[in-house]
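No lab work stands behind these numbers, since they all come straight from the coordinates. Quick caveat: nothing in here was measured; it's all calculated off a predicted structure. Cβ sites come from the backbone with ideal geometry, for glycine too, and all protein chains shown count toward neighbours.
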Amino acid sequence: MALNRRDLLKIAALASTFPLFGCEKVTSELTKNLGQTIPAKFGTAANSTVDKDFHLLSRATYGIWPGDLDYLKTSGRDHWLQEQLNPQKIDDGACDLRARRFETLWLDPGTCAEFKKPVLRDELVRHMLLRAVYSKRQLFEVMVGFWTDHLNIDVNKGDAIYAKAFDDYKVIRPNALGNFRNLLAASATSAAMLIYLDGKENRRATSDAIPNENYARELLELHTMGVDGGYKQKDVYEVARCLTGWRIHGDWKRGQVYFDDAQHDNGTKLVLGHRIAAGQGARDLDSVLDIVCKHKSTANHLATKLVSHFVCESPPPELVQKVAAAFTATSGDIRSMLLVAFNSPQFDQYPVSKIKRPFHFIVSALRGLAADTYAHSSVTEYLSRMGHGPFEFPTPDGYPDQSSYWVSTLLWRWNFALSLCSGNIAEVTLDLPLLAQAMGAKGVNGKSLQAEKIFAHLVGRKPNAHELEAFNCARKSGAKREAELAPELDPELIGLMLSSPAFQRC
Amino acid sequence: MKAKQYSRRSFLSKLAFYDQPNLAGANKSLVCIFLRGGADTLNMLVPYGMDEYYKLRPTISIKAPGRSADAVLKLNDLYGFHPKMAPLLPIFADGRLGMVQGVGSDNDSGSHFSAQDQMEHGESCKHSLGGGWLGRHLASRRHPRQTPLSAVAIGSALPEVLRGAPAASVIKSLDDIKLNAPAADTRVVAAALAKLYQAETALLAEPGKTTLDLLKRVQKLQQKSYSPANGAIYPDNTFGQGLKELARLLKGNVGLEISCLDLNGWDTHFFQGGASGLQADSIEQLALGLAAFDKDLGSVRNRVTTIVITEFGRRTYENSSLGTDHGRGFTLFAIGERIAGGQIHGSTPLLSHGQEVDLFGPAGLPIDFDYRSVLSEILVRALDNRRIDCVFPGFNSQEVGLVKRSIV
């Protein structure tokens with residue numbers, strides 16, 4: 001395109017005002033201009049075991065974008081982690097152009113209620129996926145995913161969907177790398193959470209009413225202390241009493257959360273052995289948060305979940321202890337916990353021990369091939385099919401983080417990979433020849449080098465003899481359909497690599 | 001020691017004889033429907049003959065028979081069905097639908113996850129076991145004809161109850177099962193995948209192999225189109241369509257032994273409704289689906305048993321948001337030729353507020369039957385499991401009477 005950058009910006013502004021056909025094409029050109037593209041040249045892992053830096057990237061990000069490995073190696077792990085842990089300093093303009101185009105994401109719940117539910121769901125899911133694929137703030141996005149599961153809200157319950165966008169940008173995102181207590185406080189009074197776990201129905205006991213314990217129970221069992229955290233049935237009830245009176249406005253203030261003193265149980269409570277004096281009103285919530293956040297079970301529960309997510313599914317107890325100690329020492333600083341986990345000697349000991357969850361699998365495939373997508377239903381359908389549609393897990397424990405839960409999704413993974421590479425996913429485009437050229441996998445060195453380079457780019461190591469043999473036997477069939485691409489490039493072969501056991505791992 | 005080995009071998013050879021299916025695909029089959037969220041079965045099988053019921057539920061109770069058009073459908077002088085259960089009346093009258101009152105587990109956490117997991121694992125909350133109870137059942141019957149289609153879950157993820165099964169498949173519809181490669185290349189791609197997954201030793205080895213086997217088997221079924229038999233019409237929702245896929249598989253003689261299907265939306269803390277409303281909609285989905293399934297199965301009905309379970313019942317009294325909170329015991333529903341149907345097994349006196357063990361803890365219907373007693377009876381008498389101690393080790397089962405004894 002023979003336009004300069006300012007012209008492109010004008011066009012983009014225009015195009016985003018009117019959802020005109022072709023708007024996505026313009027955005028794609030623009031984001032390419034802003035560096036969201038395949039670098040002219042980039043390196044791939046060269047060893048037969050998984051590269052250590054690749055391992056860090058495959059846990060701390062949603063997968064390697066071409067050039068990411070070089071960047072990490074040049075800047076060093078410490079610098080890279082510091083950068084990722086301070087996401088506001090990373091310019092994410094190109095990602096914003098793709099992901100911020102949806103109007104309902106920035107509206108309050110009352111205004112969202114003017115929209116149809118499927119529109120809201122579609123925009124939420126596409127935003128989540130586009131951020132995961134294109135954001136340079138990768139660790140931040142991974143943590144947004146982590147907390148979205150931890151403080152799970154199924155948008156299919158009641159009117160929760162009207163308030164979920166607000167929950168995403170007011171609760172999860174501002175606190176994803178911040179302080180846990182702040183995150184929890186924001187969540188406790190989030191309209192979406194009050195709807196999802198019936199908090200808005202929780203009122204003081206009267207002769208014919210009993211408090212609704214739903215949120216209080218999950219607050220203790222899932223959000224903070226863990227099921228074996230040491231609380232009793234009585235504590236659940238006492239916490240429920242503390243949280244009576246939080247309501248959501250109807251009418252013209254629709255969707256706004258407020259505290260209704262008349263519905264609040266203002267008596268004395270006893271939570272986990274701590275006495276909360278009578279007459280504290282809305283401040284009972286702060287007391288509960290203080291008590292549970294200072295409890296050692298909470299530090300332990302969160303540390304276990306983080307270590308299990310980032311290091312190893314059977315979390316080494318000594319590392320859990322260290323991460324929990326970081327939580328306690330910093331009164332809940334999430335970054336400090338992550339640093340302990342990533343810098344621990346244990347971190348490098350468990351490469352490829354996890355199976356990517358479907359969302360991670362799909363995003364890492366799109367990132368690995370630098371795909372051009374706007375996350376249309378052609379892509380998101382695969383997520384629902386594999387049981388991993390964002391914001392749709394029915395129960396408050398969030399999508400399981402155990403590999404074994406996800407292994408029955410292989411067929412859909414294979415089908416996504418094969419369709420993606422052969423250009424059969426509508427509105428997703430790849431530039432495989434350019435990719436191959438940039439990693440030096442094209443031309444003079446022969447076919448097996450090509451396979452080796454692409455594979456190493458995708459999984460962080462060279463293929464073993466067994467894998468090469470499998471790729472070679474598939475290659476013969478694809479040969480006839482390659483004519484228009486570079487002569488030695490076989491899209492089906494890349495599809496097979498994305499289908500291979502190695503690419504399912506992280 | 002020598003004698004013991006000998007006797008063990010002869011014992012095993014006997015087992016092998018018993019477990020041999022007569023014909024491929026003619027196995028006895030169990031369909032396990034899980035109502036997720038803790039179903040309020042007290043408004044499904046309504047004890048309209050107890051005054052206490054109406055006292056505890058001033059707003060959400062179902063009117064006694066004859067009081068109005070949407071009243072209880074009378075089964076006997078004490079119990080009747082929720083009006084939306086009407087499609088199941090003929091099966092009850094036919095003596096193939098039976099109920100057990102006061103079924104539950106020893107889990108008093110009140111947690112959905114903990115109670116669901118425990119129920120799916122088939123364990124006591126004091127002692128956890130590996131895998132799910134249906135997984136262990138399948139493993140205990142392991143025979144050479146077991147295939148990835150021996151156990152099928154309709155949905156998107158393997159339910160806990162099937163963990164430990166030698167092979168299990170998770171599908172939404174039968175037509176989903178194919179490889180998206182250009183037709184001419186499907187075989188080559190499948191062969192390359194087989195090669196790649198053969199080399200796996202860990203978590204992915206088994207799923208890789210079973211997925212590839214499954215593809216081949218289903219291809220055959222797909223070549224025929226499916227229309228339900230005997231004029232059965234499935235409701236047009238995920239649950240109804242799931243049952244239809246199961247009927248297709250059951251009649252397709254692919255060796256399906258165990259199938260699992262969830263129906264969500266039973267966690268009715270808030271505005272549950274009575275004869276109509278939130279729960280009534282769920283009951284309608286369940287009843288219409290099961291009735292269509294029963295009709296459609298037709299000639300294969302004699303080898304299919306269907307059970308409907310949930311993680312816990314709900315409290316006997318309604319809460320201030322016109323719903324019900326987590327309770328304990330529930331009513332288990334079962335359909336099949338082997339079921340002692342047309343009757344309600346066990347009886348459950350309703351407890352009033354004052355009598356409950358702990359007003360603020362999970363209370364509700366007391367438990368007369370440990371859920372494992374009911375499941376044991378089904379596995380032993382309806383599915384001919386001869387190694388029930390492998391499924392529920394150390395558990396002393398109690399006679400329920402839900403399943404007829406087989407004539408030996």
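Put in order of Cβ neighbour count within 10 Å, fewest first, the listed residues A:TRP252, A:TRP246 become A:TRP252, A:TRP246.
If you look at the Cα atoms of region B:178-223, you get an Rg and a Dmax of 11.2, 34 Å. Considering helices alone, the calculated mean residue ellipticity of chain A at 222 nm is -15000 deg cm²/dmol, with DSSP H runs of length four and up weighted by -39500 (n - 2.57) and normalised per residue. Taking the inverse of the mean reciprocal distance over all distinct Cα pairs, the Kirkwood hydrodynamic radius of chain A comes to 24.4 Å. Projected onto its three principal axes, the C-alpha set of region A:293-386 covers 45, 29, 22 Å, listed from the longest axis down.
Quick one: in region A:382-423, what % of C-alpha pairs are over 17 Å apart? Counting pairs separated by more than 17 Å, the tail of P(r) holds 39 percent.
Output the relative contact order of chain A, whole-number percent, from Cα pairs under 8 angstrom with separation of 6+ residues. Result for chain A is 18 percent. Candidate cross-link partners of B:LYS28 among the lysines, defined by an alpha-carbon separation under 17 Å and a same-chain spacing of 8 or more, comprise B:LYS251, B:LYS404.
I need the calculated FRET efficiency for the pair B:SER225 and B:MET50, taking r as the beta carbon distance and R₀ as 56 Å, to the nearest 0.05. Using R0 = 56 Å, I get an efficiency of 0.65.
Its residues counted as N, region A:197-294 yields a C-alpha radius of gyration over 2.2 N^0.38 Å of 1.05.
Out of all Cα-Cα pairs in region B:35-193, roughly what percent, to the nearest whole number, are more than 20 Å apart? The proportion of pairs with Cα distances above 20 Å equals 68 percent. Under the simplified labelling scheme, the A:ASP290-A:TYR350 pair shows an inter-label distance of 3.6 nm, with each label point 7 Å from Cα along Cα→Cβ.
In region A:40-192, inverting the average of 1/r over every pair of distinct C-alpha atoms gives 16.9 Å as the Kirkwood radius. Averaged over the residues of B:81-92, the number of partner chain Cβ atoms lying within 10 Å of the residue Cβ comes to 0.
Here the convex hull built on the C-alpha positions of region A:296-349 has a volume of 62 cubic angstrom per residue. Note on A:LYS73 and A:HIS466: their simple-model spin labels are 2.7 nm apart, each label 7 Å out from Cα toward Cβ. Counting only residues at least eight positions apart within a chain, or on another chain, the aspartates and glutamates with an alpha carbon under 18 Å from that of B:LYS216 are B:ASP175, B:ASP176, B:ASP185, B:GLU206, B:GLU245. In plain terms, the C-alpha convex hull of region B:186-254 casts an average shadow of 6.3 nm² when viewed from every direction. When the C-alpha to C-alpha distance is required to be over 32 Å, the pairs from B:LYS195/B:LYS244; A:LYS164/B:LYS55; A:LYS269/A:LYS305; A:LYS32/A:LYS73; A:LYS136/A:LYS170 that qualify are B:LYS195/B:LYS244; A:LYS164/B:LYS55.
Longest stretch of chain A clear of exposed loop sites (GluC sites (Glu not before Pro), DSSP loop, at most 14 other Cβ atoms within 10 Å, sites excluded): A:115-426.
Relative contact order for region A:296-349: 37 percent, from Cα pairs under 8 Å spaced at least 6 residues apart, divided by residue count.
Using equal-weight Cα scatterers in the Debye expression, the normalised intensity of the protein assembly as shown in log10 at q = 0.06, 0.08, 0.11 Å⁻¹ is -0.45, -0.81, -1.46. The shape of chain B comes out prolate: with a ≥ b ≥ c from the C-alpha gyration tensor, a/c is at least 1.5 and a/b beats b/c.
For region A:61-127, state which trypsin sites (Lys or Arg not before Pro) are in a DSSP loop and have at most 10 other beta carbons lying within 10 Å of their beta carbon. Loop-located and lightly packed - A:LYS116.
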